Amino acid sequence: MKVSQLSVFIENKSGRLADVTRTLADSGINVRALSIADTIDYGLLRLIVNDPAQAKSVLTKAGFTVALTEVLAIEVPDKPGGLAGIIDAFAECGLNIEYMYAFVGASGENAIVIFRVEKVDEAITSLQKKGVKILDGETLYAI
């Protein structure tokens, strides 16, 4: 139920994001979702891709600083209140969300929200008891 997310540290200057995406494209890696958090000098690019291990390998060989992080991919009804229901479930379970980002799947009926929480295993157990649909990596990478 855990999903691997790439975290890539990149200089905040023109062309660095293009270097990352070109490196992945040239290696046949497909980007499923991404988020960028920036500071004045550096950015943290978070990516969900179809092959995280291969993506880490090619980016590392290209000179990027890359880490793999375990996150949760949760299916959320793509309608008003869909996200609120999931966030309520986190709160009811006493789970703290460190960060999150979302994308809409191919069907358009559900969004997929990526959550980073401190206690991933505890979150999986607690959220499943509440009926939250957590996607596994194989399912997510194949979207």
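The values are calculated or read from the model by the stated rules, or taken from the named source; none is laboratory data. None of the values given here were measured: they were computed from a predicted structure. Backbone-built Cβ (ideal geometry, glycine too); neighbour counts: all protein chains shown. Heavy atoms of the whole protein, side chains included, go into the accessibility calculation; ligands, DNA and RNA do not. Shrake-Rupley method; radii C 1.70, N 1.55, O 1.52, S 1.80 Å.
Remarks
- In the assembled protein chains, E98 presents an accessible area of approximately 90 Å² (probe radius 1.4 Å).
- Computed E for E98/S27 - FRET, C-beta separation, R0 30 angstrom, nearest 0.05: 0.55
- Residues considered: T23, T39, T65. Largest GNM mean-square fluctuation over the chain, using C-alpha springs under 10 Å, is found at T39.
- Carbon + sulfur, % of accessible area of the chain - ligands and nucleic acids excluded, 1.4 Å: 48 percent
- D26 - accessible surface, heavy atoms, 1.4 Å probe, Å² rounded to 10: 110 Å²
- Pairs of lysines in the chain (C-alpha under 27 Å apart; 8 or more residues apart or interchain): 16
- Normalised per residue, the accessible area of the chain is 53 Å², obtained with a 1.4 Å probe and no contribution from ligands, DNA or RNA.
- Distance between the pseudo-spin-label points of K79 and K129 (7 Å out from Cα toward the beta carbon): 2.8 nm.
- Rounded to the nearest 10 square angstrom, R32 shows an accessible area of 60 square angstrom against a 1.4 Å probe.
- Extension gain, T69 back to D38 (0.36 nm per residue minus Cα-Cα distance, nm): 9.3 nm
- Relative contact order %, the chain, counting alpha carbon pairs below 8 Å whose residues are six or more apart: 29 percent
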